[in-house]
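Quick notes on the structure that follows.
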Amino acid sequence: MSTTPGDLSRRSVAWRVAALGAGVVVLLGGQLADTNDWFPLGSLSQYATPRPADGSVVSTSLEGTTVDGRTVQVPLSPAAVGLSRAELESQGQRIIADPALLGDIARSRAALHPGAIRLRQLRLVRSEQQMRDARLVGPTEVRVLATWNAA
């Protein structure tokens, strides 16, 4: 059997079809199982999940009290405290179970910003606001989930 350059043999076509099929099976399996474990060949639900028009908006943040008594918002970024918002949110249950972990974040902030005023307290805070017809309505409910106090 003679082939011209650019023609694929049946074996080459079969191999490519099998590889494509395996990729599609993994992709669909990850999507149907709704797992991020197979990303990028599965779901990355934080980007793929739409928000309902009626529901709530939840935000996790850090709030601190400085040694001079002022309440400050502590930015959530690797440059500010050594971890991102997503990392903090993924560790939320651990922090709630062991608020001393907030002390590690406070120490990281102090190391990253030696000139910044020190914190005597750091709180993990969750804010929630209701939505109706995709518009924010009513007051924001703020709940302190965990508190760390400097020794």
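The values are calculated or read from the model by the stated rules, or taken from the named source; none is laboratory data. Not measured: the values here are computed from a predicted model. Quick reminder, even Gly has a Cβ in these numbers, built from the backbone with ideal geometry, and neighbours come from all protein chains shown.
Structure data summary
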quantity: Residue in the range 94-116 that is over 19 Å from the mean Cα position of the chain (by Cα) and closer than 30 Å to Leu28 by Cα present; calculated: no
quantity: Among residues of the range 57-82, those that are touching a Ser or Thr at 6+ places or on another chain (Cβ under 9 Å) and in a strand (DSSP E or B), counted; calculated: 12
quantity: Residues of the range 112-133 classified as modelled with pLDDT of 95 or more and of a type in the set (Gly, Ala, Ser), total; calculated: 0
quantity: Qualifying residue in the range 107-127 (condition: in a helix (DSSP H, G or I), of a type in the set (Val, Ile, Thr) and buried (at least 16 other Cβ atoms within 10 Å of the Cβ)); calculated: no
quantity: Failed criterion for Arg85 (all others in (1) at pLDDT below 95; (2) charged (D, E, K, R); (3) more than 24 Å from Gly55 (Cβ to Cβ) hold); calculated: (3)
quantity: Total residues in the range 66-122, condition polar (S, T, N, Q) and under 17 Å from Arg143 (Cβ atoms); calculated: 4
quantity: Failed criterion for Thr71 (all others in (1) exposed (fewer than 11 other Cβ atoms within 10 Å of the Cβ); (2) modelled with pLDDT under 95 hold); calculated: (2)
